[in-house]
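Peer 1: Sending over a structure as structure tokens; questions will come in a sec.
The values are calculated or read from the model by the stated rules, or taken from the named source; none is laboratory data. Predicted model, so just to flag it, every value in this text is computed and none were measured. Virtual Cβ from ideal backbone geometry, glycine too; neighbours counted across all protein chains shown.
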């Protein structure tokens, strides 16, 4: 399995080898020894596994948590294809407000580690795209915050020809980075 550090401090993309034969394919999107070597410690204790299914054109996020110490995520796409985006929202981080996008797809079995305090969003590129998350904390609606994926200061870009995005009401009404900062709704960076 290969890995590479993303433009966001602490975020890492993992690309396992995919083995194909006449039956289909096989891949391991998570391998403990590779994760530990890349991140410097083993994967967090998994408190919850979640998944969603989205049709083409759906955009979810930018989602993050503040509640100490935030929620780490290990994300992969076992069906379909998404453009996965990680955004550094940690005040004081050397990569604050930087972001990077990675295409996750069933045929590549790539995965992304999203550290606590880093925002996460994705755009579904195909109908039936499934995104699975390993979470370091159980999901609590009241702890999850969202920022506008269309915030010009962040400059996130959807793929050319993506079409009109489909968002939840909450994500459509999400504040900008500046508005969240003014309200004290951004996490603090810790090493």
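Peer 1: Do we find that residue 27 is surrounded by 14 or more Cβ atoms within 10 Å (Cβ to Cβ), over 30 Å from residue 185 (Cβ atoms), more than 17 Å from the chain's Cα centre (by Cα) and modelled with pLDDT of 95 or more in this structure?
Peer 2: yes
Peer 1: Further, regarding this structure: Taking segment 1-15 only, how many residues are farther than 25 Å from residue 138 by Cα and in a loop (DSSP other than H, G, I, E, B)?
Peer 2: 3
Peer 1: Just to be sure, is residue 44 surrounded by 15 or more Cβ atoms within 10 Å (Cβ to Cβ) and farther than 29 Å from residue 162 by Cβ?
Peer 2: yes
Peer 1: Output the number of residues of segment 113-132 satisfying the condition of being outside any loop (DSSP other than H, G, I, E, B) and under 24 Å from residue 90 (Cβ atoms).
Peer 2: Result for segment 113-132: 9.
Peer 1: Another one. When only residues in segment 6-24 that are closer than 21 Å to residue 190 by Cβ and out of contact with any strand residue (DSSP E or B) (no Cβ under 6 Å at 6 or more places or on another chain) count, which is surrounded by the most Cβ atoms within 10 Å (Cβ to Cβ)?
Peer 2: Among them, the one singled out is 10.
Peer 1: Looking at segment 57-79 only, could you name the residues that are more than 13 Å from the chain's Cα centre (by Cα) and more than 21 Å from residue 147 (Cα to Cα)?
Peer 2: Listed by number, the residues that qualify are 78, 79.
Peer 1: Between 166, 118, which is in contact (Cβ under 8 Å) with a residue 12 or more places away in the chain, out of contact with any helix residue (DSSP H, G or I) (no Cβ under 7 Å at 6 or more places or on another chain) and surrounded by 17 or more Cβ atoms within 10 Å (Cβ to Cβ)?
Peer 2: Going through 166, 118 in turn, just one is in contact (Cβ under 8 Å) with a residue 12 or more places away in the chain, out of contact with any helix residue (DSSP H, G or I) (no Cβ under 7 Å at 6 or more places or on another chain) and surrounded by 17 or more Cβ atoms within 10 Å (Cβ to Cβ): 118.
Peer 1: Out of 112, 82, report the one residue that is under 11 Å from the mean Cα position of the chain (by Cα), under 23 Å from residue 41 (Cα atoms), touching a residue at least 12 places away in the same chain (Cβ under 8 Å) and surrounded by 21 or more Cβ atoms within 10 Å (Cβ to Cβ).
Peer 2: 112
Peer 1: Check 53, 49 and return the single one that is assigned to a strand (DSSP E or B), exposed (fewer than 12 other Cβ atoms within 10 Å of the Cβ), at negative phi and under 18 Å from the mean Cα position of the chain (by Cα).
Peer 2: Of 53, 49, the one residue that is assigned to a strand (DSSP E or B), exposed (fewer than 12 other Cβ atoms within 10 Å of the Cβ), at negative phi and under 18 Å from the mean Cα position of the chain (by Cα) is 49.
Peer 1: Could you please give the count of residues in segment 64-79 that are surrounded by fewer than 21 Cβ atoms within 10 Å (Cβ to Cβ) and either in contact with a helix residue (DSSP H, G or I) (Cβ under 9 Å, 6 or more places away or on another chain) or in a loop (DSSP other than H, G, I, E, B) (or both)?
Peer 2: Residues flagged as surrounded by fewer than 21 Cβ atoms within 10 Å (Cβ to Cβ) and either in contact with a helix residue (DSSP H, G or I) (Cβ under 9 Å, 6 or more places away or on another chain) or in a loop (DSSP other than H, G, I, E, B) (or both) within segment 64-79 amount to 4.
Peer 1: Something else now. Could you identify the single residue in 145, 185, 154 that is modelled with pLDDT of 95 or more, within 17 Å of residue 67 (Cα to Cα) and either assigned to a loop (DSSP other than H, G, I, E, B) or touching a helix residue (DSSP H, G or I) at 6+ places or on another chain (Cβ under 6 Å) (or both)?
Peer 2: 185
Peer 1: If you scan segment 85-107, which residues turn out to be out of contact with any strand residue (DSSP E or B) (no Cβ under 7 Å at 6 or more places or on another chain) and surrounded by fewer than 21 Cβ atoms within 10 Å (Cβ to Cβ)?
Peer 2: Within segment 85-107, 94, 107 meet the criteria.
Peer 1: I'm trying to understand the selection: among the residues of segment 87-112, which are part of a strand (DSSP E or B) and more than 15 Å from residue 186 (Cβ to Cβ)?
Peer 2: 100, 101, 102, 103, 104, 105, 111, 112
Peer 1: Sort out which residues of segment 16-46 are within 26 Å of residue 139 (Cα to Cα), free of Cβ contacts under 8 Å to residues at least 12 places away in the same chain and part of a loop (DSSP other than H, G, I, E, B), and write them in order of number.
Peer 2: The answer is 40, 41, 42.
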